[in-house]
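What follows is one structure encoded as structure tokens, with my remarks underneath.
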Amino acid sequence: MVFSSEKIQALQVLLDASTRVMVIAHRSPDGDAIGSSMAIAHFLRKLNKQVEVWMPDALSKSLYTVPGSEDIKIYEGRGKEGNAVIADSDLIFCMDFNKVERTGSVSQVLGATETPKVLIDHHLHPSEGWTLAFSDTGASSTCELVYLLIEAMGMQDKVDLDIATSIYTGLITDTGSFKYNVNPDTHRIAGELIAKGLNSADVQGALFDTNTRDRLGLLGYTLNEKLVYHPEKDATYMTLTKEDLKRFNYKKGDTEGLVNFGLSIGGVRFTSLASEKDGVIKISFRSKGDLDVNVIAKERFGGGGHKNAAGARSEQSMNEVIAIMEDIIAKNL
């Protein structure tokens with residue numbers, strides 16, 4: 001079991017022996033990465049721990065609405081300081097990633113440290129080597145697991161508005177506002193957070209209703225000019241080059257959620273978004289029903305994620321990525 005009494009006891013032993021705790025999530029952190037990291041950080045501070053939250057690289061502007069996120073430190077450009085924190089910590093919480101490699105430039109130091117590491121994650125195929133792992137691929141999000149962990153420890157009374165807001169952020173971002181990856185616990189937890197005083201409309205608005213004119217322009221351009229539709233295959237895909245992004249003054253986070261529009265055409269059950277960023281092409285996959293994009297992402301690009309939502313990175317050219325997308329649609333749908 002994910003939260004067996006033996007695991008909870010083992011976690012308590014680690015916490016009792018720790019004063020300085022580091023929390024870190026994956027590179028290109030999304031709402032679940034930031035929400036789960038801040039939720040566990042707020043919770044640990046209530047246990048009188050000294051906590052530092054680090055991210056491999058910058059987070060999008062909208063995620064600074066998560067309580068306490070203004071204190072997150074970015075490893076990129078501060079590696080020496082980050083390495084010192086890793087070395088000085090008594091315990092490291094690894095949030096929302098299944099392999100150390102997903103932390104990018106932090107991975108070498110993080111993988112080599114002898115500091116105990118606790119994994120909390122919901123992605124498929126977690127690697128070995130964690131001191132303690134709370135991994136459940138059936139969970140909607142890592143934020144859901146954080147709440148269930150607090151619950152298993154019998155400490156729900158410590159869930160205040162900051163923790164509630166942080167957890168709710170991951171619930172709604174990793175489920176597309178409860179449209180996929182949901183289970184009974186997802187809705188139960190959301191209800192309990194609202195019962196604690198959370199205003200769901202405020203959180204949704206802060207995350208999704210703070211568009212810039214450039215971001216809306218990018219959305220319109222992508223849907224009008226860059227969306228390829230194969231109605232006979234119930235599939236779409238979108239591509240954005242670095243020139244496209246530059247045209248609309250791209251800021252980190254501007255393409256967040258864009259891939260989901262590819263599924264909004266009636267009957268479509270597969271879509272992807274390939275965008276050229278930081279010298280690589282980042283690819284997001286979404287699907288409906290039994291179509292497993294985790295398998296597709298893994299087989300074609302070495303990526304992965306979940307059955308209906310996965311991601312990958314490619315160093316190929318955009319034309320090569322497009323050719324692979326066409327081949328996926330031809331052979332898998």
3J(HN,Hα) from dihedral phi, segment 135-140, Karplus parametrisation 6.51/-1.76/1.60, rounded to Hz, x for glycine, proline: 10, 8, 6, x, 6, 5
Surrounding charge for W130, neighbours by C-beta under 11 angstrom, Lys/Arg +1, Asp/Glu -1, total 0
Want the number for T113 to R213: 0.36 nm per residue separation, take away the alpha-carbon distance, what's left? 31.6 nm
Footprinting proxy, K99, K46: sorted fewest to most Cβ within 10 Å, the residues are K46, K99
Once the dipole of the chain is set up with Lys and Arg at +1 and Asp and Glu at -1 on Cβ about the Cα centre, which of Q12, M238, V182 lies farthest towards its positive end? M238
Pairs beyond 22 Å (Cα-Cα), from K7/K158; K80/K251; K117/K307; K226/K307; K179/K307; K46/K99: K80/K251; K117/K307; K226/K307; K46/K99
Of I265, V106, H122, whose Cα points farthest to the positive end of the dipole of the chain (charges on the beta-carbon: +1 Lys, Arg; -1 Asp, Glu; origin at the Cα centre)? I265
What aspartates and glutamates could a cross-link reach from K277, if we take a straight Cα to Cα line under 18 Å and drop same-chain neighbours fewer than 8 places away? D30, D57, E76, D214, E243, D244, D254, E256, E315, E320
On a full-extension model of 0.36 nm per residue, what is the gain between I8 and E192, subtracting their alpha-carbon distance, rounded to one decimal in nm? 64.0 nm
Among G77, G31, G191, whose mean-square fluctuation peaks in a Gaussian network model of the chain (Cα, cutoff 10 Å)? G77
Which ordering of I322, I329, I167 is given by a fewest-first count of other beta-carbon atoms within 10 Å? I322, I329, I167
Among N294, L148, L207, pick out the residue whose Cα is farthest towards the positive end of the charge dipole of the chain, where Lys and Arg carry +1 and Asp and Glu carry -1 on C-beta, about the Cα centre. L207
What does the C-alpha gyration tensor say about the overall shape of segment 1-130? Classify as rounded when a/c is under 1.5, otherwise prolate if a/b is larger than b/c, or oblate. rounded
How do E299, E276 line up, fewest other C-beta atoms within 10 Å first? E299, E276
Low-density loop cleavage sites - chymotrypsin sites (Phe, Trp or Tyr not before Pro) in segment 124-183, where at most 14 other Cβ are within 10 Å (DSSP): F178
Helix 161-174 vs. the chain, principal-axis angle (Cα, 0 to 90°, nearest 10): 30 degrees
For segment 195-239 and segment 37-66, distance of Cα centres in Å: 26 Å
How much length would be gained if the chain were fully extended between T131 and R78, taking 0.36 nm per residue of separation minus their Cα-Cα distance, in nm to one decimal? 16.5 nm
Size of electric dipole in segment 147-254: Cβ of Lys, Arg +1 and of Asp, Glu -1, about Cα centre, debye, nearest 20: 440 debye
Ellipticity estimate at 222 nm from DSSP helix runs (n ≥ 4, -39,500 (n - 2.57)) divided over the chain, nearest 500: -12000 deg cm²/dmol
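Just so you know, all these numbers are worked out from the coordinates, no wet-lab data involved. Just so we're clear, the structure is a prediction, and the values are computed from it rather than from any experiment. A quick note on method: Cβ atoms are made from the backbone with ideal geometry, for glycine too, and the neighbour counts reach across all protein chains shown.
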